[in-house]
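The values are calculated or read from the model by the stated rules, or taken from the named source; none is laboratory data. Please read these numbers as outputs of a predicted model, since none were measured by experiment. Methodologically, a virtual Cβ is constructed for each residue, glycine included, from the backbone with ideal geometry; neighbour enumeration extends over all protein chains shown. Note: areas computed on protein heavy atoms with side chains; ligands, DNA, RNA excluded. Shrake-Rupley method; radii C 1.70, N 1.55, O 1.52, S 1.80 Å.
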Amino acid sequence: IRGKLGKGAFIYCGFRLFKEHIIQGLGVYRRLVQRALEGFYQPRIQVQAPRVVEAIYNRIGPEIRITLVNGITNKPAGKDHLIDIDELIPISGISVMVRGEIAFVEDMQGRRLSFTSESNGTRRIDVPRLDQFEVVRVHLSSK
């Protein structure tokens, strides 16, 4: 349900939608919520990665630290099931989208990462292959 109230707007998604998404793991439920939010909310920073990648955001002044965790090994895989893989499966093709100006970006070793400007005004940071975990430090411009 989407609507407007006073100067604001609201979206209501029933609990069942989230419950089914957790149980079945179907991407269509996630897309349904994303589409409902599109006209109301645009995140400043967003990680685009396979769903096994966990992103943890932390802002410290003008710096946003994004911890990326490779969740392929030993994670819950539905009710009462675990994936028991002792090997590390690297993940590539991860990018971070940022709305606004970026001063510079670096990884957890302090190496600079490059970013490109997209046609819609966002900046795309391509993250190198993710092994176990990585920290991407986005230094926002003061403009």
Residue selected from the stretch 115-135 under the condition closer than 21 Å to residue 61 by Cα and out of contact with any Ser or Thr (no Cβ under 8 Å at 6 or more places or on another chain), by the criterion least open to solvent (accessible area, probe 1.4 Å): 122
Looking only at the stretch 1-25, and only at residues there that are under 30 Å from residue 131 (Cα atoms) and in a helix (DSSP H, G or I), the one that is least open to solvent (accessible area, probe 1.4 Å): 21
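Quick one: which strands (runs of 3 or more DSSP E) sit completely within the stretch 26-77 and have at least 3 residues that are open to solvent by less than 50 Å² (accessible area, probe 1.4 Å) and among the aliphatic types (A, V, I, L, M)? Write out each step before concluding.
Details: elements: 45-48, 53-60, 63-70.
Hits in the stretch 26-77: 63-70.
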Filter result (within 20 Å of residue 55 (Cβ to Cβ), of a type in the set (Lys, Arg) and free of Cβ contacts under 8 Å to residues at least 60 places away in the same chain) within the stretch 95-143: 99, 111, 123, 124, 129
